[in-house]
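The values are calculated or read from the model by the stated rules, or taken from the named source; none is laboratory data. Here the structure is a predicted model, which is why all the values come from computation and not from measurement. A quick note on method: Cβ atoms are made from the backbone with ideal geometry, for glycine too, and the neighbour counts reach across all protein chains shown. Ligands, DNA and RNA are excluded from the accessible area calculation, which covers all protein heavy atoms including side chains. Shrake-Rupley method; radii C 1.70, N 1.55, O 1.52, S 1.80 Å.
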Amino acid sequence: MIVKELLSGNEAIARGALECGVAFGAGYPGTPSTEILEAFAKYEGVYAEWAPNEKVALETAIGASLAGVRAIAVMKHVGVNVAADPLFTVSYTGVRGGLVIVTADDPSMHSSQNEQDNRNYARFAKIPMIEPADSQEAKDFVRLAFEISERFDTPVFLRSTTRVSHSKSVTTIAEPDKPGGNASVLRNPEKYVMVPAMARLRRIEVEKRMAALAEYAETFHENKVEFNDLKIGIISSGMPYNYAKDAFPKASFLKLGMVYPLPVQMIRDFASAVENLYVVEELDPFFEDQIKALGIEVRGKTLLPRTNEFDPTIVCTSLSSGEKATREAPPDISIPPRPPNLCPGCPHRGLFYVAGKLDAFVAGDIGCYTLSYMKPLRGLDSCICMGASFGMAHGMSKALGSKGKGRVIGVIGDSTFVHSGITPLLNASYNKSDALFIICDNATTAMTGMQDHPGTGRTLQGLPSYRIDFIQLAQALGIEDVHTVNPFNISETKEILKASLEREGPSLVISKEPCALLKTQKKKARRPLMVDIDKCIGCKLCLGLNCPPISWKNVTGGFDGPLTAQGKPRKGFAVIDSALCNGCSLCMQVCSAKAIKEVVANG
Amino acid sequence: MNQQIIISGLGGQGILFLTKLLAQAAMDSGNDVITSETHGMAMRGGTVVSHVKIGSFLSPLIRTGQADMGFFLTAGSFEIHRAFLREGAPAVINTPRTDGPFAIDAAAIAREAGARMATNLVLLGFAVKRDLPFCTVSIMREAIGRLSPSRHRQMNIEGFERGLNYEGGAS
């Protein structure tokens, strides 16, 4: 019986891994890759774990591969940067059990700090890469990736993009292969110890392997030629292929399932068969540059943008008009923009309300709290990559010397701290930093949807495990001054932050309150708040919290209310949408007129 | 059959659930379907748009001016994403100003029913009753029963039924 399911690209990758007998999966959560490992972990008979970061994830997968089982490491595009060190050398050693690295790229940066095109990693690290265009292919390509990995003794990249990962389409499900029980200890230092003498030998093998793979690409059945109208020939891969095919159903296509290495002869034959050759690829001219280097005339980035993901409209208009496509301007309408914001009841709000008012540079990090950079909170001043905050704060504090006294803070989330904040904190104590370091510990990886990590004390499967104690850890790293604050208490938070800033040497403050969206928190219902409009003097201090339920109503015509602090008639008053309010009380604490109170039941 | 549906609103309004329901109903009525969604940082209260394409399509994204209908969870979302609709395509809008042919104060109806979080379902019921999406009432009703988490099932069904039975506005 054929079973069909509606699967996202990510769910399909997980299913593909199950079906082809993958025994080990590791990764670190990151949009758009997160759901792959979550879905994989739900299957019975497989092992999966959240690693503290992508480098560890890849290294554990390499270990599993060398034990003889099929292993998969899953990460978002920037995660590959973290994992790049083992990546470039496992390319030399090759594998034992198949090894596949999933890189989920994010064209348009829907939820990322940069838009790097990880196809470049395939070329750079000399690792083959295949790229599915929909969920069915995502599932099928996992099996192909493992076959290539074992046949050519190489790690293999499976590249997805946000649009493939998060689109859902109908996928045929198959019975999983019987898991191979072939794990064993096999010592082979000549192949796996990359000291220079042996790396030099493996280096030659890498070039031989890439030549063999280039030959294989010519007959790889997922590199497909579809001859149709020969006036237009389009070379494409992944999601952009779908856009082009929907826009130009009658054109001829070369769809590349393997994006590196390229099938050179196939491309030459296709190019000579069609009148006008186009490359439709998002981000870098990765195919285009290589095709041009073959001496073939082709149009790509002269017509299509280098930035952002494509859509069917942009592919259609640019190729039809033969002119560089420009994106449509957003409609000229007078509604306020809706940037993402911290949730009602978010513990970060109190911390960054305080931090933003200190006369200090706040080096931030990656997580929900990054959103606090916006007005009116203005809670942080930089965000580069996972773990950057603590290193940057230390460097800035050293560079400023006495001018930086009490004016440099590094802030990082709990999951990000575990990912890559521990070493910079060690550096801060070792090199006698004078900055203030803050861990905003909300007991989860919130931005990607509540994943566990060593600081939550639960595993990917939700099972209890050792819970890392940040205070003990900090002390072991040599940080002597450690405090814990409740970020929902503004005056306490302000007092401790100020005292820690003024102190000589590095201090650590742990701002500790769980994420409002955690199930355990949702159960602790707090009563929503409301504004007593007979008391509100219109000072707008509560609006400074940028809390979604709080809004402003202008007073129109002869309203008889309390006067402002300056004794003038108020211009309006604040209101709280009780349906959204979580009752966290921050607005109560900042209110200058004691006008905010609990909603009385049935009142 | 081919139908392209755009769903637009703010993070937290149930856009993803509406997308899931339409996709399930499409499969249950024997159609192919592709959907596309917004995840991650963009969801933290920001503008969210979802594409549902029923029938023989490859690309999950709808071209400007090609959507056959739209669900808009706020009037502002309609202004932002109306360009996806082809000319004359019905726009089902949740708005207190019920002056459009398919405008309905779904939030108020949901609130009255004690199903405040089912505004999306009210909108869906309203549209299905008017034969705007491809599917029948019974197929959609079943999809809601099956896909709703148990703690929200009653609320979702209530919202959907209120939308079905809504008499005002459009006909």
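Before moving on, here are some points about what is shown:
- Within the range A:392-504, helices (runs of 4 or more DSSP H) holding 1 or more residues that are open to solvent by 10 Å² or more (accessible area, probe 1.4 Å), of a type in the set (Ser, Thr, Tyr) and on the phi < 0 side of the Ramachandran plot: A:414-420, A:422-430, A:490-502
- Residue in the range A:289-305 that is within 13 Å of chain B (Cβ to nearest Cβ) and open to solvent by 10 Å² or more (accessible area, probe 1.4 Å) present: no
- Only a single item in (1) in a helix (DSSP H, G or I); (2) without any contact (Cβ under 8 Å) to a residue 40 or more places away in the chain is not met by A:Ala212, and it is number (2).
- Restricting the range A:211-254 to residues that are polar (S, T, N, Q) and surrounded by 20 or more Cβ atoms within 10 Å (Cβ to Cβ), the residue that is farthest from A:Gly322 (Cα to Cα): A:Asn223
- Any hit, the range A:11-21, residues being of a type in the set (Gly, Ala, Ser), open to solvent by less than 10 Å² (accessible area, probe 1.4 Å), under 19 Å from B:Pro60 (Cβ atoms) and within 12 Å of chain B (Cβ to nearest Cβ): no
- Among the conditions (1) touching a residue at least 60 places away in the same chain (Cβ under 8 Å); (2) outside the structural domain of A:Leu371 (by TED's automatic domain parsing), A:Cys542 misses just one, which is (1).
- For A:Tyr28, the requirement of being buried (at least 23 other Cβ atoms within 10 Å of the Cβ) and either touching a Lys or Arg at 6+ places or on another chain (Cβ under 7 Å) or modelled with pLDDT of 95 or more (or both) is met.
- Some residue of the range A:61-77 being within 14 Å of chain B (Cβ to nearest Cβ) and under 30 Å from A:Glu205 (Cα atoms): yes
- Of residues in the range A:547-572 being of a type in the set (Lys, Arg) and more than 25 Å from A:Leu342 (Cα to Cα), the one nearest to the other protein chains (Cβ to nearest Cβ): A:Lys571
- Applying the criterion of being open to solvent by 40 Å² or more (accessible area, probe 1.4 Å) and within 14 Å of A:Thr103 (Cβ to Cβ) to the residues of the range A:120-150, the residue that is nearest to the other protein chains (Cβ to nearest Cβ) is A:Asn120.
- Residue match in the range A:104-119 (condition: of a type in the set (Ser, Thr, Tyr), more than 14 Å from chain B (Cβ to nearest Cβ), touching a His at 6+ places or on another chain (Cβ under 8 Å) and under 27 Å from A:Cys383 (Cα atoms)): no
- Residue within the range A:259-273 that is in a strand (DSSP E or B), among the aromatic types (Phe, Trp, Tyr) and modelled with pLDDT of 95 or more present: yes
- The range A:229-249, residues that are within 14 Å of chain B (Cβ to nearest Cβ) and touching a strand residue (DSSP E or B) at 6+ places or on another chain (Cβ under 8 Å): A:Ile234, A:Ser236, A:Ser237, A:Gly238, A:Met239, A:Pro240, A:Tyr241, A:Tyr243, A:Ala244, A:Lys245, A:Phe248
- Conditions (1) closer than 30 Å to A:Val95 by Cβ; (2) within 14 Å of another protein chain (Cβ to nearest Cβ); (3) buried (at least 21 other Cβ atoms within 10 Å of the Cβ): number failed by A:Met258: (2)
- Any hit, the range A:185-195, residues being modelled with pLDDT of 95 or more and touching a strand residue (DSSP E or B) at 6+ places or on another chain (Cβ under 7 Å): no
- Residue within the range A:545-568 that is of a type outside the set (Asp, Glu), outside the structural domain of A:Gly356 (by TED's automatic domain parsing) and in a helix (DSSP H, G or I) present: yes
- Any hit, the range A:48-65, residues being open to solvent by 20 Å² or more (accessible area, probe 1.4 Å), closer than 22 Å to A:Arg163 by Cβ and not hydrophobic (A, V, I, L, M, F, W, C): no
Matching residues to (1) open to solvent by less than 80 Å² (accessible area, probe 1.4 Å); (2) closer than 18 Å to A:Leu586 by Cα; (3) under 38 Å from the mean Cα position of the chain (by Cα):
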site	(1), (2), (3)
A:Leu517	yes, yes, yes
A:Leu529	yes, yes, yes
A:Cys536	yes, yes, no
A:Leu541	yes, yes, yes
A:Leu545	yes, yes, yes
A:Val555	yes, no, no
A:Gly561	yes, no, no
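- Meets criteria (assigned by TED's automatic domain parsing to the domain that holds A:Ser111, surrounded by fewer than 18 Cβ atoms within 10 Å (Cβ to Cβ), assigned to a loop (DSSP other than H, G, I, E, B) and touching a residue at least 60 places away in the same chain (Cβ under 8 Å)) for A:Glu205: no
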